[in-house]
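First up is the structure itself, then whatever we jot down about it.
The values are calculated or read from the model by the stated rules, or taken from the named source; none is laboratory data. All figures in this text were calculated on a predicted structure; none of them were measured in a lab. No Cβ is skipped: glycine too gets one built from the backbone with ideal geometry, and neighbour counts run over all protein chains shown.
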Amino acid sequence: MEKVFSYLDYREFLKTRFARLKKTSRLTHRSISQKAGFSSPNFFKLVMEGQRNLSGKSATKVARALDLDPREAEFFAQLVRFNQAKSLEEKESLYEELKLLRRDLPLQRLEHSQFEYFDQWYAVAIRELVALADFREDPEWIAAKLRHRVTPAQVKRALRLLERLGLVRRGEDGRLLQSQAPLSTGDEVTSLAAYRFHQAMMDQAKQALRDTPAPLRDISSVTVAVSKDASERIKQRIRQFRKEVLAMSEEAGRGEAVYQMNIQFFNLTELA
């Protein structure tokens, strides 16, 4: 039976575990609720469907009802806290604790690897480097291309990750090529990984302001007062511009360099 360590969403784990237990032992939502000691016979079902949350005490009851061993129960309780955390900062801290709890376990589900992909800005950059005409699968060369902001050891790990995720593949001649493998993650992974990815890329932008010659960058800003309707129209134009940039990249064919474009549009004042 699949272990809870494979999951980053405790409700998904509950659904999968319940479906398998139902086939093998004919358990019902009611019987699990009763086994856990809940007064409501539908409580377990409501939790699975996202209509109820688990407290620390009720998470322990559910773990016991599902016969999780002590280590699984500890991970499950931590996973509940991670999923129900209110802020991204709290999620960050709890995710690091989750990694410690499963540090000696192999990555079993794609979501964990996908988080690692978005969490390491250079993995995204290396995938784009693969598309360059002069790309060389040499960690030293790649590290130099990235201005030695990463080590060759980090490059090696990133290349293995990209292959494992199917984001790069081997051509008939053995050379690495970009793949169009889709990335699909749950909201927990996407939101936290995106938060950390944007943080990392904004740090790279600050460094580019210092280190990158002006002809090779365009960093500008504008501060304006707008209405709610205008802000929505601006965001729509930004989304359209991103699509146009992607289309231009695809039409251009093999690139000569990897560029990063960050777009930030946010309110500086409280809304009335």
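Against the condition at pLDDT 90 or above, among the aromatic types (F, W, Y) and surrounded by 12 or more Cβ atoms within 10 Å (Cβ to Cβ), how does F197 come out, does it pass?
Answer is no for this residue.
Of all residues in the range 128-146, those satisfying the criterion of being assigned to a loop (DSSP other than H, G, I, E, B) and farther than 12 Å from A257 by Cβ are V130, R136, E137, D138.
Scanning the range 245-262 for residues that are exposed (fewer than 10 other Cβ atoms within 10 Å of the Cβ) and farther than 22 Å from D134 by Cα yields a count of 0. Of the residues screened, A59 is not one that is under 26 Å from S31 (Cβ atoms), in contact with a Ser or Thr (Cβ under 7 Å, 6 or more places away or on another chain) and either surrounded by 15 or more Cβ atoms within 10 Å (Cβ to Cβ) or not assigned by TED's automatic domain parsing to the domain that holds F13 (or both).
Taking the range 64-79 as the range and being more than 25 Å from the chain's Cα centre (by Cα) and over 14 Å from R11 (Cβ atoms) as the test, the residues that pass are R64, A65, D67, L68, D69, P70.
Only one of L167, L177, L159 is in contact with a strand residue (DSSP E or B) (Cβ under 9 Å, 6 or more places away or on another chain), modelled with pLDDT of 85 or more, loosely packed, with under 14 Cβ neighbours inside 10 Å and of a type outside the set (D, E, K, R); which? None of the others qualify; the one that does is L177.
Selection within the range 132-148: residues that are of a type in the set (K, R) and farther than 19 Å from R169 by Cβ. The member of this set that is surrounded by the most Cβ atoms within 10 Å (Cβ to Cβ) is K145. Close contacts from the range 39-54, counting a first residue that is hydrophobic (A, V, I, L, M, F, W, C) and a second that is exposed (fewer than 15 other Cβ atoms within 10 Å of the Cβ) and part of a loop (DSSP other than H, G, I, E, B), with Cβ to Cβ under 8 Å and a gap of 6+ residues or different chains, come to L46/S40; V47/N53. Can you name every residue in the range 93-131 that is at pLDDT 85 or above, buried (at least 18 other Cβ atoms within 10 Å of the Cβ) and farther than 23 Å from L176 by Cα? Within the range 93-131, L94 is the sole residue that qualifies. Among the residues of the range 239-269, those identified as under 26 Å from the mean Cα position of the chain (by Cα), within 25 Å of A123 (Cα to Cα) and either touching a residue at least 24 places away in the same chain (Cβ under 8 Å) or part of a loop (DSSP other than H, G, I, E, B) (or both) are A257, V258, Y259, Q260, M261, N262, I263, Q264. Can we say S221 is modelled with pLDDT of 85 or more and among the small types (G, A, S)? When the stated conditions are applied, S221 passes them.
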